[in-house]
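> Dumping the structure here so I can ask a few things about it.
The values are calculated or read from the model by the stated rules, or taken from the named source; none is laboratory data. What you are looking at is a predicted structure, and each value in this text was computed from that prediction instead of being measured. Because the Cβ atoms are built from the backbone with ideal geometry, glycine has one as well, and the counts that use them run over all protein chains shown. Just so you know, the surface numbers come from the protein's heavy atoms only, side chains and all, with ligands and any DNA or RNA stripped out. Shrake-Rupley method; radii C 1.70, N 1.55, O 1.52, S 1.80 Å.
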Amino acid sequence: MTTPDWADVDEYIVNSVARDPEAESALRANAAAGLPAIDVSAAQGKFLHLLARSIGAKRVLEIGTLGGFSTIWLAKAVGPDGRVLTLEFERKHATVARSNLDAAGVGERVEIRVGAALESLDAVAQERPEPFDLVFIDADKVNNTEYVRWALRLTRPGSVIIVDNVVRHGKVLERDSDDAAVRASRELLEFLSTEKRLDATVLQTVGAKGWDGFVYAVVAQE
Ligand code: SAH
Ligand code: DHB
Ligand code: MG
């Protein structure tokens, strides 16, 4: 037997504890529609689901919907009386996501807004919504710091903010990277190191999606 790698272990983990028929159907529909397979892994989707349940999240904001794979995990966590607002730039992605969410039986608790997230966030803020309990940021990486600033405006003390893809196969160590996403990760960590309203760490992850990691931040008590 050859040495198993991260992806093999991830498959074992998912087959043991992170199966979800509706989420798996969504991945098949995404592939059939030609969407890129850049969703969170199933193990990470289950993690987001458990996190949302652990904090009793009833209002979740997601930035970056794609085909709604992570959205399904989050929507299942908030329950029938919970709500997920998810922001997506590409109309085609949003259309596929709408179909996947409806097929998963959680369509009624999810609103998808199509447009550049920075513009949608501005519009959302003007509606003065109830604070979100959990924000999952997983869109264009260059805007991550701006998204966290918006998340701060739209949450309450104790809310949790997760930012995907900040380790980037370790490239986050490259000070003068010409990769804009790497520079954005470093800018975000610099921001987190100075922002007193957030208490944060980064969890490195390996698995089906390779080596990456996410920011886990909690909005400070006042
Ligand atoms: N959270 C999803 C994956 C999101 S992939 C999952 O795990 O299933 C990143 C998504 O962000 C893509 O669908 C892309 O179209 C979207 N995106 C990129 N730039 C954006 C922007 N400026 N505003 C909103 N969405 C954006
Ligand atoms: C990619 C991966 C992601 O998890 C994401 O949110 C966006 C892009 C990528 O591999 O390109
Ligand atoms: Mg991601």
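> Kindly state, to the nearest 0.05, the FRET efficiency for Ile13 paired with Arg175, given R0 = 22 Å and r defined as their beta-carbon distance.
Working from the Cβ atoms, E equals 0.05.
> Which lysines does Lys209 reach when only Cα atoms under 29 Å apart count, and residues fewer than 8 places away in its own chain are ignored?
Cα-Cα hits under 29 Å: Lys46, Lys58, Lys76, Lys92, Lys141, Lys171.
> May I ask what percent, to the nearest 5, of DSSP beta bridges between residues of the chain are antiparallel? Spell out each step's value before the answer.
Details: 12 of 31 bridges.
Counting DSSP beta bridges with both partners in the chain, the antiparallel share is about 40 percent.
> If I take every Cα pair under 8 Å that is 6 or more residues apart in the chain, average their sequence separation and divide by the length, what percent do I get for the relative contact order?
18 percent
> Roughly what percent of Cα-Cα pairs across region 1-99 reach past 24 Å?
That fraction is 24 percent.
> Most mobile of Val182, Val124, Val96 per a Gaussian network model of the chain (Cα springs, under 10 Å)?
Val124
> Where does each of 10-19, 156-165 land if you order them by average Cβ count within 10 Å, highest first?
156-165, 10-19
> Enter the accessible area per residue of the chain (Å², integer; probe 1.4 Å; all protein chains in place).
51 Å²
> Roughly to the nearest percent, how much of the accessible area of region 1-47 is carbon and sulfur, given a 1.4 Å probe?
Here carbon and sulfur together make up 61 percent of the probe-accessible area.
> Summarise the accessible area of region 80-156 (1.4 Å probe, protein heavy atoms) by the percent that is carbon and sulfur.
The C+S portion of the solvent-accessible surface of region 80-156 is 45 percent.
> Please identify the chymotrypsin sites (Phe, Trp or Tyr not before Pro) of region 148-222 that satisfy two criteria: DSSP loop assignment and at most 15 other Cβ atoms within 10 Å. Which are they? Present the calculation step by step, with values, prior to reporting the outcome.
On the way: sites: Trp150, Phe191, Trp211, Phe214, Tyr216; in loops: Trp211.
Here the chymotrypsin sites (Phe, Trp or Tyr not before Pro) that fit, given the DSSP loop and packing criteria, are Trp211.
> Pick out, in residue order, every one of the GluC sites (Glu not before Pro) in region 121-189 that is DSSP loop and has at most 16 other C-beta atoms within 10 Å; say none if there are none.
For GluC sites (Glu not before Pro) across region 121-189 that sit outside H, G, I, E and B with at most 16 neighbouring Cβ atoms in 10 Å, the list reads Glu127, Glu174.
> When the helices in the chain are scored as -39500 (n - 2.57) per DSSP H run of 4 or longer and the sum is shared across all residues, what 222 nm value do you end up with, to the nearest 500 deg cm²/dmol?
-13000 deg cm²/dmol
> With only alpha-carbon atoms counted, please give the Rg and Dmax of the chain, in Å.
Expressed in Å, the Cα Rg and Dmax of the chain come to 16.8, 58.
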